[in-house]
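Scroll down for the structure; my scribbles are underneath it.
The values are calculated or read from the model by the stated rules, or taken from the named source; none is laboratory data. Keep in mind it's a predicted model, so treat the numbers as computed, not measured. Cβ coordinates were reconstructed from backbone atoms using ideal geometry, including for glycine residues, and neighbour counts include every protein chain displayed.
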Amino acid sequence: MPDATLAGHASKATSDSTARQVDVVVVGAGFAGLYLLHRLRKAGFATMVLDEAEDIGGTWYWNRYPGARCDIQTIDYSYTFDPELETAWKWSEKYATQPEILRYLGFIAERYDLRSDIRFRTRITTATWDDAEERWLLTTDDGGTISCRYYIMATGCLSTPKPPEIAGIGDFKGEVYFTGRWPHKDVKLAGKRVAVVGTGSSGIQAIPVIAEQAAHLTVFQRTPSFALPAHNGPVLADRLALLERDRASYREQARWSLAGVPWPQQTLVSWQLSDTERRERFEKAWAMGDLIYFVSQLWADQGSDLDGSALVAELVREKIRAIVNDPKTAAILSPHDHPFGAKRPCLDTNYYATYNRANVTLVNLREEPIAAMIATGITTSQRRFDLDIIVFATGFDAMTGAIMAVHPISGRGGKSLSAVWADGPQTYLGLTVAGFPNLFMITGPGSPSVLSNMIVSIEQHVDWVVDRLTAMREAGFTTIEATETAQAGWARHLADCSTLTLHRLANTWYTGANVPGKALGVMPYTGGVGLYRSICNDVVSRGLLGFRLTGPDHSEQCNDGEIVRLQPDVRILLTMMADMKLPAIESLGVAGARAFTAMLNARRPAGRPVGEIVDGTLPGSDGPLPYRLYRPVTPGPHPIVVYFHGGGWVLGDEKSDDPFCRDMCRRSEMIFVSVGYRRAPEHRFPTAVEDGYAATRWIAEHATELGGRGGPILVAGWSAGGNIAAVTCQLARDRGGPEIAGQLLICPVTDPSFDRPSYTENATGYFLTRSLMCWFWDTYCSPADRTDPRASPLRGKLAGLPRAFVTTAEFDPLRDEGIAYAKALGAAGVPVEQLKACGHFHASFAMVDVVISAASERAKMADALRRFAAQPQYMERPDVHLSARPGTSARAVEQVAQGESASQ
Ligand code: N01
């Protein structure tokens, strides 16, 4: 509906105190609020936007401190909803200043005639859901009341400044400013003794500019940040050309990217690159001055793995040492307390070089904490600083502050949002909250928001919300509300996603750790904007899954359920595989299937280096068998694990699980010997298990020659290899050895029955299909032989077997027979631990550096092996010293550990 036709329909926003009836109230007139207003009006909703500020701009209205700029290139930090708008505006710089961004928003407001429906200088004091009327009732600080059907928070993620928590703040007689509430008058810094407290993005942008004007600048730093040069200047010609060559496709790529800027997904991990190659990549990124490029394009594991991240951190520290003349100052400016990227890296102009100026002093608050503010300045534990101006760049009560702290929001049955969020924000999709019908948040906690180009995320949220409201109106529904099940499922998905990145390992506003007493947990969605967008689209295509809708004639539609149950990276992988329309492996014949899996294996990440890899042969039950031995870097002798690869007794060889063996060798610090047992159909049942047993016996007898520790050995296997490992333990018990200290069975085949529910639930779509498993069994073993315990260890005698650790995957046809085997072992008196891996599929654990979320499961398996061998538990050695602030990182890490032990 064109805007003009709404004239009679829309209530005009005025400032009188009588109750207004509108369809939608939006809080905030920043990027999100303006686009919402435009879309809602176009869709025919009477809309009123309220903002405390005197004008539009949101965060760009308030953050007008010296040096304030965006840190995403402006050609990306722009609305994309209107192709004509895109060509009507030209940015003057690569990173626009705050005044230019504000001018851009003013241009938008004029172009779409938005101001008439925005009421400025208005604060909402209460928001209450009226169950009978099915409307929100709002009160405002001018005494007015507004009734609206839908209430939308476009309040931004970084809008509520956090108090600096410094004693005596009122005692200072000079001027005090907050970067997040910078005055609109001219602040005279020239000739003044100025202090800046805080060295996050705001401080790092302001410090060089203030230093140029002030007589003296003292910077009070508690925690150093990583800062990267912006190299600001004209809009980059190559990026602009790329955009202008095909604007629509550039924007579309951004919408499906990781962070909302179209850079490709890196595939090479750090250890696949030489020192020289890594340095070249780093120098290129340093010279480019693009935050998203820097945090995503160096190597694939820079944001997900401590080792990959540590390499970046050290290269940045090297730069700091090269720029800052005084080595002690350089050391204070060098971050060591968090992995690179876990805190938002800052984009700077001359930040580090500023510390070479004679009029700048850096105070390390870790050595001399602030004692108090006094009338003349600041005292630390060691000194007094006399000051004229103090600038607090101390950050925000981020993500939840603006929604929760600003005014009481009461939902269904008087439920308070503050109470519901007391232990951290609970949302569905970061958009809605169960118990709060018709309330939406734009870029709320639980959405990609601050980990993305905000404009891309804002447009996606606004479009999603307005499209839903329009569809509801057409269908005759008047309320929409997330279900508790959907919300709980989203919380679990967020926890799964948080294991993919390192954000959980730093004290930041991302986790709430910057505000004393705030509940801890990674608040933004860490799975990326592309994945997030696909999930939001799925919610719609699956009939608004996770929402309850009601209408005036008491009609109700409740489509309860969880939108994502797979691990995030498993979901991406399975979607990619489905899109590739790969042939069914069993349709290729034996030779074709082997060639196909070898081709897939050749494309995967190679696996990390270990101490030594030795290929050899050992005597099998009927001739030599190849093996591959993986030795840890640590000094031996090490316990030995005999490993049997997967492949349904038909595919694979001693090298086919190479990345997995490397990873487990490193984690367990044990020798892994992967055995090339003979395969079907050339060698049908029981060849594979007899080979497995013979190999185990030989390896046990030659343990010391192989450089291993004498005494009992361990066995492990994945899939059909798990079957061989389980059978080997039974044969070793019955045939007089060797002595086995423990068995690690990963998604093992234990029984030929196809009747268990996991065979039906996961028959297709999860890589290992029911039909492929049928083919494996048929190729390996005749139906008559399948009840033999050497084919089906579940049918054997289980008492007296070695301790076991059985891993099963939720989305695996073999899940239930693995669980059945673990149960049966326990019932037979065998000590057994079970890891039911939530959201994983059959190949999750073997796909090292592809399914990153399975790393924690492999860590648990390695720990189990160490327990079997009476070795101390393996401790990851992060090269970061997580900040000692009590109750923050330490708790966050502990929470991660708990999250990682999630089992179905
Ligand atoms: O806030 P911050 P910010 N005593 O929380 C310190 C976006 N942004 O406003 O780390 C002493 O990052 C605190 O120290 P510590 C961007 O997303 C974007 O700078 O808690 N120090 C830290 O050094 C950014 O990430 C742009 O130990 C105290 C600093 O204050 C986000 O906003 C520009 C203290 C706060 O850093 C927030 O950035 C600006 C105390 N009591 C901001 N309390 C661009 O687009 C806190 N600190 C470019």
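Can you find a residue in the range 104-127 that is out of contact with any Asp or Glu (no Cβ under 6 Å at 6 or more places or on another chain), within 16 Å of the ligand (Cβ to nearest atom) and modelled with pLDDT of 95 or more?
yes
When the range 810-834 is examined, which residues are found to be crowded, with 23+ Cβ neighbours inside 10 Å and not in a helix (DSSP H, G or I)? Write out each step before concluding.
Applying the first criterion (crowded, with 23+ Cβ neighbours inside 10 Å) to the range 810-834 yields 811-815, 817-818, 821-822, 825.
Phe811, Asp812, Pro813, Leu814, listed by residue number.
From the list Thr597, Thr617, Thr634, Thr575, pick out the single residue that is outside any strand (DSSP E or B), touching a Leu at 6+ places or on another chain (Cβ under 8 Å) and among the polar types (S, T, N, Q). Before you say what the answer is, go through the steps one by one.
Numbers: Thr617 fails: outside any strand (DSSP E or B); Thr634 fails: touching a Leu at 6+ places or on another chain (Cβ under 8 Å); Thr575 fails: touching a Leu at 6+ places or on another chain (Cβ under 8 Å).
The match here is Thr597.
May I ask you to say which residue of Ser92, Ser116 is of a type in the set (Gly, Ala, Ser) and within 30 Å of Gly203 (Cα to Cα)?
It is Ser92.
Could you grab me the full set of residues in the range 565-585 that are of a type in the set (Val, Ile, Thr) and under 16 Å from Ala854 (Cβ atoms)? Give the steps one after another, and end with the answer.
The first filter runs over the range 565-585 and keeps only residues of a type in the set (Val, Ile, Thr), leaving 570, 572, 575, 585.
Across the range 565-585, the qualifying residues are Val570, Ile572.
Do you know which of the residues in the range 779-809 that are assigned to a helix (DSSP H, G or I) and β-branched (Val, Ile, Thr) is surrounded by the most Cβ atoms within 10 Å (Cβ to Cβ)? Full working, then the answer.
To start, the set of residues in the range 779-809 that are assigned to a helix (DSSP H, G or I) comprises 779-780, 783-787, 793-795.
Narrowing further to those that are β-branched (Val, Ile, Thr): 779, 787.
Values: Thr779: 19, Thr787: 11.
Residue satisfying both the conditions and the ranking: Thr779.
How many of the residues in the range 516-548 are farther than 21 Å from Ala495 by Cα, within 14 Å of the ligand (Cβ to nearest atom) and of a type in the set (A, V, I, L, M, F, W, C)?
Of the residues in the range 516-548, 0 are farther than 21 Å from Ala495 by Cα, within 14 Å of the ligand (Cβ to nearest atom) and of a type in the set (A, V, I, L, M, F, W, C).
Return the total of residues in the range 176-226 being buried (at least 21 other Cβ atoms within 10 Å of the Cβ), more than 11 Å from the ligand (Cβ to nearest atom), of a type outside the set (Gly, Ala, Ser) and part of a helix (DSSP H, G or I).
Counting residues in the range 176-226 that are buried (at least 21 other Cβ atoms within 10 Å of the Cβ), more than 11 Å from the ligand (Cβ to nearest atom), of a type outside the set (Gly, Ala, Ser) and part of a helix (DSSP H, G or I) gives 2.
Enumerate the pairs (first residue in the range 542-563 and without any contact (Cβ under 8 Å) to a residue 60 or more places away in the chain; second residue anywhere and assigned to a loop (DSSP other than H, G, I, E, B)) with beta-carbon separation below 6 Å, excluding pairs fewer than 6 apart on the same chain, so at least 6 apart or on different chains.
Within 6 Å, the pairs are Leu545/Gly561; Leu545/Ile563; Asn559/Gly543; Asn559/Leu544; Asn559/Leu545.
Out of curiosity, is Val433 closer than 23 Å to Gly561 by Cβ and either within 16 Å of the ligand (Cβ to nearest atom) or among the hydrophobic types (A, V, I, L, M, F, W, C) (or both)? Reasoning before the result, please.
Numbers: closer than 23 Å to Gly561 by Cβ: yes; either within 16 Å of the ligand (Cβ to nearest atom) or among the hydrophobic types (A, V, I, L, M, F, W, C) (or both): yes.
Answer is yes for this residue.
Note down all Cβ pairs under 6 Å where the first residue falls in the range 47-74 and is more than 28 Å from Phe226 (Cα to Cα), the second is of a type in the set (Val, Ile, Thr) and away from the ligand (no atom under 16 Å from the Cβ), and they're at least six residues apart or on different chains.
Short answer, once both residue conditions are applied: Thr47/Val24; Met48/Val22; Met48/Val25; Val49/Val26; Val49/Ile118; Leu50/Val27; Leu50/Thr122.
Listed residues Thr140, Thr128; which is within 36 Å of the chain's Cα centre (by Cα) and in contact (Cβ under 8 Å) with a residue 12 or more places away in the chain? Give the derivation first.
Numbers: Thr140 fails: within 36 Å of the chain's Cα centre (by Cα).
Among Thr140, Thr128, only Thr128 is within 36 Å of the chain's Cα centre (by Cα) and in contact (Cβ under 8 Å) with a residue 12 or more places away in the chain.
Taking the range 33-51, which residues are of a type outside the set (Gly, Ala, Ser) and not in a strand (DSSP E or B)?
At the first step, the residues of the range 33-51 found to be of a type outside the set (Gly, Ala, Ser) are 34-42, 45, 47-51.
Passing the criteria: Leu34, Tyr35, Leu36, Leu37, His38, Arg39, Leu40, Arg41, Lys42, Phe45, Asp51.
Check the range 333-345 and report whether any residue there is within 12 Å of the ligand (Cβ to nearest atom) and surrounded by fewer than 18 Cβ atoms within 10 Å (Cβ to Cβ).
No, there is no match, as no residue in the range 333-345 is within 12 Å of the ligand (Cβ to nearest atom) and surrounded by fewer than 18 Cβ atoms within 10 Å (Cβ to Cβ).
Whether any residue in the range 396-410 is closer than 30 Å to His840 by Cβ and either hydrophobic (A, V, I, L, M, F, W, C) or buried (at least 24 other Cβ atoms within 10 Å of the Cβ) (or both) is what I want to check. Quick ask: steps written out before the conclusion?
Filtering the range 396-410 for residues closer than 30 Å to His840 by Cβ gives 399.
Next, only the ones that are either hydrophobic (A, V, I, L, M, F, W, C) or buried (at least 24 other Cβ atoms within 10 Å of the Cβ) (or both) stay: 399.
Yes: one or more hits.
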